[in-house]
Amino acid sequence: MKTVHLILILFLTHSLAVFSQQEDNAALLKIIFAKYYKEEKVIAKNRLQLLRFYCQKAPNNEEVLEVIANHNLLKKNAAEIKKQIGIGAPEDWSTEYNIIFTNQNQYLKSKVNDCVSLEQFQAETAQYGENNQRMLIVNKPIYFAQNQFALVKVAFYRTIEHNSGRFLLLEKVNDNWVIKEYLNEWAT
């Protein structure tokens, strides 16, 4: 009987942690959408949308090591951050997208299309022959310092050059995530 209770407790603890992480991911994604879709026009029939959202959570890679090397807070938490580089199976943003837009944030949703794959984005840009379309790519968030901080890479991809990106360092203040700093900005 004790084994069943222990298994039940472990299952519930794990389920709460996963749900909490999805809520945090959704909160971070909402901040990113609010920032980067601020200047976008509301979706309307026959209007070309210039900013699309990539469905997959891009995996974190060795680029994170460069960001760590140039920032004191990240250096202090380097071991915890490094453990989250390149781990896990591919994931998408659908759960978080649905958390943000189910029965709330409808004005923001009026600017954000459904997410697209790379192939869909490339087909759309080829169809319209425009070089002004961009795809917003958001990496899988890295949480550290007892989930009080998060590091997220945001990049903009175009079929031509002129790609850009940066890392966002976010801090949880009074249970709300806020952008604290922009790190390692780049553009081609």
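Under 11 Å from the Cβ of ILE99, count the other residues' Cβ atoms, weight Lys and Arg +1, Asp and Glu -1, and hand me the total. For residues surrounding ILE99, the net value is -2. Subtracting the Cα-Cα distance of ALA145 and ILE87 from their residue separation scaled by 0.36 nm leaves 19.0 nm.
With contacts taken as Cα pairs under 8 Å at a separation of at least 6 residues, the chain carries a relative contact order of 21 percent.
Each label point was placed 7 Å from the Cα along the Cα-to-Cβ direction; for ALA44 and VAL178 their separation is 3.6 nm. Here the Karplus curve 6.51 cos²θ - 1.76 cosθ + 1.60, taken at θ = phi - 60°, turns the phi angles of segment 70-79 into couplings of 9, 9, 4, 4, 5, 4, 5, 10, 4, 4 Hz, with x standing for Gly and Pro. Excluding ligands, DNA and RNA, the accessible surface per residue across the chain is 59 Å² with a 1.4 Å probe. Suppose we look only past 31 Å in the calculated P(r) of the chain. What percent of the Cα-Cα pairs does that tail hold? Here the tail beyond 31 Å accounts for 23 percent of pairs. Note on surface exposure: HIS71, HIS162 rank HIS162, HIS71 by accessible area, highest first, 1.4 Å probe.
Tell me which aspartates and glutamates have Cα within less than 19 Å of LYS109's Cα, excluding those fewer than 8 residues away on the same chain? Straight-distance partners of LYS109: GLU23, ASP24, GLU39, GLU40, ASP92, GLU96.
Using only helices, what value at 222 nm comes out for the chain when you add -39,500 (n - 2.57) per DSSP H run of length 4 or more and divide by the total residues, to the nearest 500 deg cm²/dmol? Dividing the helical sum by the residues of the chain leaves -12000 deg cm²/dmol.
The values are calculated or read from the model by the stated rules, or taken from the named source; none is laboratory data. Please read these numbers as outputs of a predicted model, since none were measured by experiment. Cβ coordinates were reconstructed from backbone atoms using ideal geometry, including for glycine residues, and neighbour counts include every protein chain displayed. Surface accessibility is based on the protein's heavy atoms, side chains included, excluding ligands, DNA and RNA. Shrake-Rupley method; radii C 1.70, N 1.55, O 1.52, S 1.80 Å.
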